[in-house]
Structure formats: structure tokens, C-alpha cells
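To keep things clear, I will list the structure first and then write my remarks on it.
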Amino acid sequence: MSEQSRSTGRIRGTGSRRKRPSKGRRVKTLVLWGAAGLVVLGGAGAGYAYVALNGNLKSVDIDAALGTDRPKDVDDGSEDILVLGSDSRSGANSQYGEDGGGARSDTAMVVHVNRGHTSASVVSVPRDTLVDRPACASDTGGGQVGAEHHAMFNTAYEVGGPACAVKTVEAMSGIRMDHYVEVDFTGFKKLIDELGGVQITTAQAIDDPDSHLALKPGTHTLSGEQSLGLVRTRHGVGDGSDLGRIQLQQAFVKALMDQAKSVGVFSSPKTLFGLADAATKALTTDSGLASVKKLTGFADGLKGLGSKNVDMVTLPVEYDPENPNRVLPQEKAGEQVWAALKQDRPVPASATAKSAGDKGGAGTVVRQ
């Protein structure tokens with residue numbers, strides 16, 4: 001994966017498709033929990049491990065790309081992180097289908113860690129949300145890509161890479177992103193396997209040939225391949241929409257967090273190194289996290305969080321009356337969500353009460 005890693009969505013959008021090949025990245029992550037293993041490793045001072053893990057990391061300089069035209073950097077101890085994934089099919093991910101040659105962010109989460117690092121709010125942004133995309137520097141060889149009204153959210157990455165994705169989120173929310181994290185298909189699978197799988201309980205059968213996943217109702221320990229199938233599943237559950245898939249992904253992320261805490265990554269050097277190796281190979285970060293030392297410090301601030309301390313919501317949206325395959329932000333409700341993050345408080349239930357994001361039909365498929 002290059003420093004400017006790629007993402008793509010399956011829904012057609014606007015803008016030219018980027019041709020540069022890349023590893024695929026997907027899944028709304030908090031896979032930063034894998035990187036939390038670096039905390040112990042860092043304390044051990046393992047020189048060889050540092051060199052190896054530093055060599056795994058890939059980064060992009062968001063600050064240099066965006067300059068000063070950004071929301072105010074509020075230094076109150078809280079942190080805001082944009083986590084992106086994609087369904088690129090290039091390289092090792094070709095087994096999951098054909099790659100159309102472009103790259104779009106297929107999944108996106110804004111993660112707000114409160115100033116005491118005792119809780120977090122996660123806001124999922126549906127990939128087919130129609131937004132006002134700001135003008136961005138082109139990611140295909142110079143020049144500018146003009147601003148666009150009602151562009152699909154996932155086209156921001158397509159036309160301008162990580163920097164444009166960050167700029168678009170900052171324009172939507174009015175919140176400066178402190179960090180950027182991206183995760184790929186293959187790295188995600190290896191991370192789950194290093195954890196020994198992730199246990200989930202399904203309330204109904206899931207059978208989706210598109211994501212290669214078939215599960216009966218009951219409790220399962222999912223391998224990396226099965227976990228990838230679950231977070232890719234769209235047509236096998238609920239109403240078949242991306243909103244339903246987001247509900248599955250949110251439930252899986254919480255299960256993943258619990259699993260990371262339960263396998264003893266902080267007491268087993270072998271498990272620790274394997275997990276840290278897989279995590280650093282899976283990640284592309286902003287330059288502020290692009291070393292073991294920096295990532296260790298960041299992870300150290302997150303290791304006290306558990307799934308019960310994390311509130312996951314979907315940006316309030318409604319179906320576009322002109323195109324049922326697109327959604328529109330609910331402006332007033334969205335303002336409530338972003339205001340809560342700015343004020344370092346939980347997102348109020350009233351903000352998402354009337355959102356189509358809660359109507360994907362998959363919210364109870366995976367029991368938490």
C-alpha cells in the first residue's frame with residue numbers, strides 16, 4: 001500500500017476514477033485496539049521489534065496537504081479521528097471481486113475520544129450520503145478538483161485521497177480531525193486471526209453469497225475471513241442497504257474490542273508481537289501517528305476503553321426522494337450530533353430518533 005492508500009465504493013458516483021493500484025481497505029475499525037498492543041511492546045524496549053514495526057507503517061501528511069484552512073485545533077485533551085475503509089479489489093484483495101480501477105472510501109467513522117479518555121462516541125457516515133464536497137487538491141497528479149453540491153461522500157477520497165476525505169468531514173462537522181487511520185482487507189483478516197477470532201451471537205441466519213458468508217443462528221467464533229464477510233454483508237440481512245451493513249459493522253466493532261481485551265495481549269509477548277505486526281501492516285495513518293513511538297502513545301490513551309464505554313451512532317440521514325439509493329443528511333439532527341462532539345458530551349438520543357440510519361433492519365442481527 002502506498003503512502004496515499006486508496007478506497008472505492010460499489011455505488012456509482014461522480015468524478016473520474018483513480019487508476020493507481022492499491023491494497024484494499026475496508027471495515028470501520030477501531031482496529032486501533034490491535035495497535036494497543038504496542039504499549040507493552042514499547043515498555044519492553046524491544047529494538048528489533050521497533051525496527052520491524054516501524055517498517056510496516058504507512059502514512060500520509062494530512063497537515064501539509066490541508067494547510068491552515070481548517071477548523072480550530074482545540075487542545076482540551078479530547079481527540080477526533082477519521083477512520084476510513086474501502087472495498088478496493090486490487091492486489092491481494094482481488095478474490096473479493098473486480099476492481100473498477102478507482103478508489104473510494106466505502107466506510108467511514110468519526111471517532112471522538114473524550115478529554116478524560118474514559119469514553120468515546122463513534123459517528124458512522126454512510127458512503128452514499130450526498131454532501132457538499134469542498135474543493136480539493138487532485139490526488140492524480142496535481143491541480144484542483146472543484147467543489148461539488150450533492151456529491152456522494154465516498155467520492156471525496158476518489159478525487160482527492162485521504163486529505164480530501166478529511167477536508168470533507170471537517171467541512172461537514174466543523175471539527176478538526178486530529179488523526180487519520182485507514183485499514184485494509186488483508187491486514188484486517190490477519191489481525192482477527194492473530195486475536196484467535198472474534199465471538200459473536202447471531203439472532204438469525206445470514207446467507208450472503210456476495211460476501212461469502214453463511215452463518216446459522218447462534219454463537220460463532222469468526223475467523224478473519226468470516227469476520228471480513230460479516231462486515232461486508234449487505235444483501236444477506238435487513239433491507240439490503242448500506243445502512244443495515246453499518247449496523248452489523250458497529251456490532252462487530254464492539255465484539256472486536258471485547259475480544260482484544262480478553263485474549264491477554266498485554267501478558268503474552270508472542271501474542272503481542274503478532275498482533276502488533278498485523279495491526280501495523282494493516283494501518284495507514286496520518287504522519288502524527290506514523291511511528292511505533294507515536295502510535296504507542298496514542299494507543300496508551302485508548303487502552304482503558306471497553307465496548308461499554310463506546311457509543312456508536314449513524315449520522316442522521318433520510319432517503320433521497322429523487323434516488324432511493326442515496327441518503328441526505330438531516331441538517332438539524334446532524335448539527336446536534338456534531339455539537340455534542342464539539343462540547344465533549346454524549347450524542348443525545350433525540351438526534352438520531354428520526355434517522356433512516358436506525359431503520360436498516362440489521363440492528364438486532366448480532367446480539368451485543
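FYI, it's all coordinate maths here, none of it is from the lab. In this text, all values refer to a predicted model and were calculated from it rather than measured experimentally. Cβ atoms come from the backbone with ideal geometry, glycine included; neighbour counts cover every protein chain shown.
A few remarks follow.
- Neighbours of Leu302 by Cβ distance under 12 Å: Lys/Arg scored +1, Asp/Glu scored -1, total 0.
- Simple label model, 7 Å out from Cα along Cβ direction - Ala214 to Lys332, nm: 4.9 nm
- 3J(HN,Hα) from dihedral phi, segment 312-317, Karplus parametrisation 6.51/-1.76/1.60, rounded to Hz, x for glycine, proline: 10, 9, 10, 3, x, 9
- Across segment 155-164, rounded Karplus estimates of 3J(HN,Hα) from the backbone phi angles (6.51 cos²θ - 1.76 cosθ + 1.60, θ = phi - 60°) give 7, 4, 5, 4, 8, x, x, x, 4, 6 Hz, Gly and Pro being marked x.
- One decimal place: the segment Asp207-Val74 gains 43.3 nm when fully extended, by the rule 0.36 nm per residue minus the C-alpha distance.
- DSSP-loop chymotrypsin sites (Phe, Trp or Tyr not before Pro) across segment 204-292, with at most 14 other Cβ within 10 angstrom: none
- Per-peptide packing, taken as the mean over residues of other Cβ atoms within 10 Å, places 131-142, 158-169 in the sequence 158-169, 131-142 from highest down.
- Once the chain from Ser350 to Ser291 is taken as fully extended at 0.36 nm per residue, the excess over their C-alpha distance is 17.2 nm.
- Taking amide H atoms as placed 1.01 Å from N in the peptide plane, the amide H of Asp106 lies under 5 Å from those of Thr8, Gly85, Ser86, Asp87, each 5 or more residues away in sequence or on another chain.
- Packing-based ranking of 119-130, 345-356 yields 119-130, 345-356, ordered from highest to lowest mean Cβ neighbour count within 10 Å.
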